[in-house]
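A.B. asks: Once you've had a glance at the structure underneath, I'll fire off some questions.
We did not get these values from a lab; they are worked out from the coordinates using the rules stated. Keep in mind that what you see is a predicted model, and the values were worked out from it rather than measured. No Cβ is skipped: glycine too gets one built from the backbone with ideal geometry, and neighbour counts run over all protein chains shown.
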Amino acid sequence: MNARLILTLIIVCSLLSSASTVAFSQSASAQDADSYVLEQGDRCQPIEPIESGETVESFYDYRNHETHPPEVERLYSSYGTTHLQEDDTSILFLHEGPDGLSLVMVNDHLGGDTRGGLASLNVTGVPSATEWVVQDDLYTGESNMAEWHRGDGWIAADWIWSDGRTDGGAIRGGLDDEFAITVHPGFNENATFADPDEDFYDPNFHDGGGISDWEYLSGDSDSPDRTDLDLEEPVTLRTGTCDDPFVTTSPTETGSEARILNADPDNAVSIRPQTESNGVRFERLDVTGIDGDATLVFDTQRPDGIESSPDGGDALSHLSVTSESRATDVSGTATFTVDAATLNDYGLEPDAVALYERSDDGWTEAPTTLQDESDETYRFTADVTSLSAVSVAERSESGYSAAVFGIGAMVALASVLGIGWLWSSVRGRGHR
């Protein structure tokens with residue numbers, strides 16, 4: 001092979017590398033969240049975040065005796081949203097600020113003609129980075145009865161408040177990318193604190209008050225559009241448009257359940273199992289092959305009747321998937337993370353991790369790529385051809401070891417080798 005041909009191959013490799021980089025960037029940008037919808041029952045409508053130019057903590061402006069001095073009014077309520085509050089009404093909205101996108105909920109009206117109330121909200125399908133960043137109430141004292149919860153793929157709160165005050169909060173983290181979260185309401189008699197067996201210091205703290213209206217706010221921060229919501233039906237907020245498939249995820253005792261509506265088998269559907277076991281979290285599945293409506297049940301327990309791990313490797317975690325109706329020929333890309341502590345416990349390096357999928361012939365290693373990493377977590381993607389069961393385990397010696405470096409790195413290596421070959425060829429001709 002002459003030097004000119006080698007140089008041509010190197011240029012082609014470089015162009016392919018650039019093209020793959022551009023394609024990856026375009027794919028990533030196409031998934032950026034730039035539109036949002038609300039779904040409840042059969043209704044779907046576009047919504048817009050409230051933009052204030054402030055962080056959500058500043059916009060909410062929660063005050064109590066620990067956050068503000070005595071000379072400042074501090075009635076354990078939200079002072080920043082008083083212009084949005086209404087008597088006996090719970091409001092829900094997305095907030096966009098310099099800190100990113102947040103979900104805000106405020107119950108009742110500070111200084112209003114109200115008698116307090118009870119409420120519980122459970123938000124499912126939340127990303128792993130989601131956390132409570134505003135907690136109304138949160139302080140030291142027996143009168144602080146609000147309870148805050150965080151689980152695998154869900155986040156929740158239970159509130160009880162007195163007359164003329166508010167309770168509520170805001171969650172943030174992981175909502176600046178694609179998401180689909182479902183808010184499950186529990187107002188009045190459906191709230192956790194309505195249980196007569198609940199033990200709190202003053203059972204009459206809310207003075208018999210309640211929430212009579214639930215509203216979603218959209219658009220202008222001073223005078224937003226208001227949408228009436230059913231007090232007893234869950235609400236899904238997600239990126240995309242009303243033409244996209246409708247996906248809701250709810251936790252189960254050992255995993256989660258995803259309901260998909262109006263899917264096109266030729267178009268990818270994004271599902272967030274949000275299951276975690278042994279430091280391994282299955283964050284997302286982008287799958288094709290779902291036709292119409294379907295239900296996928298994700299379970300972190302190993303299915304009965306199959307070996308505990310692929311041959312020659314330790315299994316870190318399992319995920320079994322049972323499908324109903326039109327989800328029998330599903331394939332796509334799985335995104336999962338592994339805690340650094342878990343790898344350390346198993347004595348594994350990140351490039352020794354692979355995803356395996358179960359078929360009639362046993363465990364098959366899927367092409368697995370290390371996408372990014374931090375001090376605490378490694379994020380991988382893997383291409384799967386079925387979803388009956390998958391396992392994260394130690395990579396076999398004959399597996400896709402080169403896949404973890406990605407196409408770009410392999411092209412770069414080929415380019416380096418080609419340059420070395422070219423240099424040797426040129427030097428060889430010069431010495432002839």
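A.B. asks: Give a residue-ordered list of calculated ³J(HN,Hα) values for segment 36-53 (Karplus: 6.51 cos²θ - 1.76 cosθ + 1.60, θ = phi - 60°; whole Hz; x for Gly, Pro).
C.D. replies: 9, 9, 10, 10, 8, x, 8, 8, 9, 8, x, 9, 10, x, 7, 10, 10, x
A.B. asks: Read phi for every residue in segment 276-289 and hand back ³J(HN,Hα) as whole Hz from Karplus 6.51 cos²θ - 1.76 cosθ + 1.60, θ = phi - 60°, with x for Gly and Pro.
C.D. replies: Working through the residues one at a time gives 9, 7, 6, x, 10, 10, 8, 8, 7, 10, 9, 10, 10, x Hz.
A.B. asks: Here is a further query. If each residue's Cβ is checked for other Cβ atoms within 10 Å, how do His149, His95, His184 rank with the fewest at the top?
C.D. replies: Numbers: His149 13, His95 25, His184 18.
Ascending Cβ contact count within 10 Å gives the list His149, His184, His95.
A.B. asks: Return the sequence-ordered ³J(HN,Hα) values of segment 347-355 in whole Hz as given by the Karplus equation 6.51 cos²θ - 1.76 cosθ + 1.60 applied to θ = phi - 60°, using x for Gly and Pro.
C.D. replies: Ordered by residue, 3J(HN,Hα) equals x, 10, 8, x, 6, 9, 9, 8, 9 Hz.
A.B. asks: How large is the charge dipole for segment 248-399, taken about the Cα centre, if only the Cβ atoms of Lys, Arg (+1) and Asp, Glu (-1) carry charge, to the nearest 20 debye?
C.D. replies: Details: 9 positive and 31 negative charges, 82 e Å.
The calculated dipole for segment 248-399 is roughly 400 debye.
A.B. asks: Just going by the charge dipole of segment 128-239, with Lys and Arg at +1 and Asp and Glu at -1 on Cβ, which of Thr192, Trp214, Ile171 is farthest out on the positive end?
C.D. replies: Sorting the options by dipole projection puts first Ile171.
A.B. asks: Here's something else I'd like to know. Sort Trp154, Trp148, Trp159 so the one with the fewest other Cβ atoms within 10 Å of its own Cβ comes first.
C.D. replies: Going from least to most buried by this count: Trp148, Trp154, Trp159.
A.B. asks: As I understand it, the dipole of segment 215-366 uses +1 on the Cβ of Lys and Arg and -1 on the Cβ of Asp and Glu, about the Cα centre. Which of Leu231, Thr364, Thr342 lies farthest toward its positive end?
C.D. replies: The residue sitting farthest along the positive end of the dipole is Thr342.
A.B. asks: For a quick check: with amide H placed at 1.01 Å from N, whose amide H comes under 5 Å from Ser331's, ignoring anything fewer than 5 positions away on the same chain?
C.D. replies: Thr288
A.B. asks: In addition: Order of Asp108, Asp137, Asp113, Asp351 from fewest to most other C-beta atoms within 10 Å?
C.D. replies: Least to most surrounded, the residues fall as Asp113, Asp351, Asp137, Asp108.
A.B. asks: Can I ask one more? Give the span of segment 248-399's Cα atoms along each principal axis, as three whole-Å numbers ordered largest to smallest.
C.D. replies: Sorted from largest, the Cα extents of segment 248-399 read 44, 34, 29 Å.
A.B. asks: For segment 37-238, max minus min Cα coordinate along each principal axis, in Å, sorted largest first?
C.D. replies: 41, 38, 32
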